[in-house]
1. For segment 21-35, does any single residue satisfy the condition of being without any contact (Cβ under 8 Å) to a residue 12 or more places away in the chain, under 16 Å from residue 4 (Cα atoms) and assigned to a strand (DSSP E or B)?
2. Being assigned to a strand (DSSP E or B), surrounded by 14 or more Cβ atoms within 10 Å (Cβ to Cβ) and out of contact with any helix residue (DSSP H, G or I) (no Cβ under 6 Å at 6 or more places or on another chain) narrows it down to one of 51, 42, so name that one.
């Protein structure tokens with residue numbers, strides 16, 4: 001089975017967060033990212049969906 005991926009823009013829109021917040025989640029280990037080129041990152045869709053369902057992302 002092939003995993004589905006989301007771009008930074010898609011993941012940000014799905015979670016209603018900024019790219020900085022998305023990067024912070026990745027640094028904290030809350031989501032994984034896959035670098036496909038020096039300037040291109042993708043995020044695993046299932047992890048983004050899981051984070052959205054948790055509703056545990058913090059609003060400043």
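We did not get these values from a lab; they are worked out from the coordinates using the rules stated. The structure displayed is predicted, hence computed values, not measured ones. For neighbour counting, all protein chains shown are included, and Cβ atoms are generated from backbone atoms with ideal geometry for every residue, glycine included.
1. Scanning segment 21-35, I find at least one residue that is without any contact (Cβ under 8 Å) to a residue 12 or more places away in the chain, under 16 Å from residue 4 (Cα atoms) and assigned to a strand (DSSP E or B), so the answer is yes.
2. On inspection, the qualifying residue turns out to be 42.
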